[in-house]
Amino acid sequence: MEFKAIVDVKAREAADCAVIGIYEQGDLGVAAALVDGQMGGFIGKLHAEGDFAGKVGDVLLLPMASGAAAARVILIGLGARGAFGRKQYRKAVHAAAQALGKTGATDAIVYLTLEEATGLDVGYRARIVAELFCVNAYKVPDLKTGTKPKAPKLTRVSVAAENAKAAKAAALGLVIGEAVGSGITLARDLGNLPPNVCTPTYLGSRALQLAKEWPRIKAKAIDAAGIKALKMGAFLAVTQGSEQPPRLIVCEYRGAKKGVAPICLVGKGITFDSGGISLKDPPAMDEMKFDMSGAATVLGALRAVAELELPINLVVIVAACENMPSGAAVKPADIVTTMSGQTVEILNTDAEGRLVLCDAITYSRRFKPAAVIDVATLTGACIVALGNHFSGLMSNDEALAAELSAAGTRADDRVWQMPIGEEYVDQLKSNFADIANVGGRDGGACTAASFLWKFAKDLNWAHLDVAGTAWLSGSQKGSTGRPVPMLVDFLVERAGLQ
Ligand code: BES
Ligand code: MN
Ligand code: ZN
């Protein structure tokens, strides 16, 4: 999809479809007033006769909008003018994207960017249009026979800007929104692919492919022998029961000078989590193909950063393997030595995420990172605590936590900070090793994060538990691409671009 910001009124009017906003009480938005004039007061009359209330996200398609310059007009409800903020704006844009997708229009002009929305400048308003139009056009990797999805008709979307200055801000917003959309698309594709396709080797090949596509990215996929040489005993314990070879994927993006400390994103890449010897129950075990969502989102964020050519250095580390039961699998009570030297008693082989991550976090130290953020579908307990609305955030640095929190709010991809600390580490006491990998049911998300914290000493570190947010179950089953929007917002902010 091609995005553009347009100031010129005549150029705008040539569109196949105009998307205009209307507040409640018949309060016409900027563009609606204009089109209402062209249509001899038709839009005002619609409201007066009770045909369009203007509630947030209400949609009405006027297919043959006689008098209007555009071939079609879509009315979008904006709610009460006084309450029009970020959430309402996103809902309105989402409704517009959905409605437009169902028409035959090939190009559209979205006037919603002209409306003032609390907390959103014009750049952000444009950015949301690009992001949500990309997201709306997403189709899952198609493995069904006989039903080839049609290519979407809509190929050009413009947003209206008041003047040249606003158009410049909007144009940058569109570029960012499109990059976020493309990061989300990559993450969702990887998450949705079946585990017999999306293996550790496959994840590695996708990372190498990113490096081929983007000159600023260097990537390598380290094999089992390399992982052994690095002495990643915890990572190796998880992979040892699997027939699929593991990969430690390392991507370096260079957008700033060589000496500038990078931000490290670390992703949990368990391409299938059966639980291992501590086998999971069969119902819903299929959903454990999403257990590489952390990996998918850090690769998605990397792609967005590369597209935006952000002036930062970024390192993406993915620990990719399967967690399977077999005669060779790690057993409850096995004790392993992590790359950090600390020993871990593996009491439950289903608590494997923290095992691969602790070694990946230790590996990140070689880059002398400015910050390390790990992303993982780590605990069912986090879903119990937060549902699928917020990702769990734990950090040993309040400033970093606040930065990530703010990014989550701006990007509408929110996080909720949860505690870590010695109290939780006490739950992880082992009689035989430095630490155990499980600490009982209570505070499960916090004990998991506190385990990682023990490996993040002196790092500026944050952990995102995305077990509830990275994918949805039920009729909407599928990958969401979260927290790509939040991560990209954080990185764009760090780059000083917004
Ligand atoms: N990948 C799971 C966490 C998970 C569970 C994500 C359900 C999404 C939905 C993780 O590896 C796991 O199995 N965690 C265990 C930890 C427990 C054994 C301490 C869990 O949450 O049950
Ligand atoms: Mn598990
Ligand atoms: Zn897992």
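Within region 344-360, the set of residues being away from ligand 2 (no atom under 15 Å from the Cβ) and among the acidic types (Asp, Glu) comprises GLU345, ASP359.
Just one of the listed residues (GLY255, GLY233) is under 23 Å from the mean Cα position of the chain (by Cα) and crowded, with 16+ Cβ neighbours inside 10 Å, namely GLY255.
Within region 244-274, the residues that satisfy the criterion of being outside any strand (DSSP E or B) and either within 12 Å of ligand 3 (Cβ to nearest atom) or among the charged types (D, E, K, R) (or both) are LYS257, LYS258, SER274. Looking across region 57-87, the residues that are surrounded by fewer than 21 Cβ atoms within 10 Å (Cβ to Cβ) and either among the aromatic types (Phe, Trp, Tyr) or closer than 28 Å to GLY119 by Cβ (or both) come down to GLY57, ASP58, VAL59, LEU60, ALA80, ARG81, GLY82, ALA83, GLY85, ARG86, LYS87.
In the set (1) hydrophobic (A, V, I, L, M, F, W, C); (2) closer than 16 Å to LEU464 by Cα; (3) within 15 Å of ligand 2 (Cβ to nearest atom), the condition left unmet by MET285 is number (2).
Looking only at residues that are over 12 Å from VAL438 (Cα atoms), of a type outside the set (Val, Ile, Thr) and crowded, with 24+ Cβ neighbours inside 10 Å in region 348-363, which one is nearest to ligand 3 (Cβ to nearest atom)? Explain how you work it out, then say what you get.
Going residue by residue through region 348-363, those that are over 12 Å from VAL438 (Cα atoms) are 356-363.
Applying the additional criterion that residues be of a type outside the set (Val, Ile, Thr) yields 357-360, 363.
Next, from what is left, pick out any that are crowded, with 24+ Cβ neighbours inside 10 Å: 357-360.
Numbers: LEU357: 10, CYS358: 14, ASP359: 15, ALA360: 14 Å.
Among those residues, the one meeting the criterion is LEU357.
When you check VAL372 against the structure, is it more than 16 Å from ligand 3 (Cβ to nearest atom), farther than 12 Å from VAL238 by Cβ and touching a strand residue (DSSP E or B) at 6+ places or on another chain (Cβ under 7 Å), yes or no? In short, yes. Scanning region 115-137 for residues that are of a type in the set (A, V, I, L, M, F, W, C), surrounded by fewer than 21 Cβ atoms within 10 Å (Cβ to Cβ) and in a helix (DSSP H, G or I) yields one hit, VAL135. Would you please name the residue that is farthest from ARG81 (Cα to Cα), looking only at residues in region 1-35 that are β-branched (Val, Ile, Thr), in contact (Cβ under 8 Å) with a residue 60 or more places away in the chain and crowded, with 23+ Cβ neighbours inside 10 Å? Out of the qualifying residues, it is VAL19. Answer yes or no as to whether GLY104 is at positive phi and not aliphatic (A, V, I, L, M). So GLY104 fails the test.
Selection of region 314-343 for residues being touching a helix residue (DSSP H, G or I) at 6+ places or on another chain (Cβ under 6 Å), away from ligand 2 (no atom under 14 Å from the Cβ) and of a type outside the set (S, T, N, Q) yields LEU314, VAL315, VAL316, ILE317, VAL318, ALA320, VAL336, MET339. Inspect all residues belonging to region 328-347 and state whether any of them is more than 23 Å from ILE249 (Cβ to Cβ) and buried (at least 22 other Cβ atoms within 10 Å of the Cβ). The answer is yes, given that some residue of region 328-347 is more than 23 Å from ILE249 (Cβ to Cβ) and buried (at least 22 other Cβ atoms within 10 Å of the Cβ). Of all residue pairs spaced 6 or more apart or on separate chains, those with beta-carbon atoms under 7 Å, a first member in region 437-450 that is under 19 Å from GLU345 (Cβ atoms) and part of a helix (DSSP H, G or I) and a second member that is modelled with pLDDT of 95 or more and among the basic types (Lys, Arg) are ALA448/ARG354.
For region 275-306, a tally of residues being touching a residue at least 40 places away in the same chain (Cβ under 8 Å), surrounded by fewer than 24 Cβ atoms within 10 Å (Cβ to Cβ) and not in a helix (DSSP H, G or I) returns 6. The condition of being of a type in the set (D, E, K, R), at pLDDT 95 or above, more than 13 Å from ligand 1 (Cβ to nearest atom) and under 22 Å from the mean Cα position of the chain (by Cα) holds for GLU309.
The values are calculated or read from the model by the stated rules, or taken from the named source; none is laboratory data. What you are looking at is a predicted structure, and each value in this text was computed from that prediction instead of being measured. Counting neighbours? That spans all protein chains shown, and the Cβs are built from the backbone with ideal geometry, glycine included.
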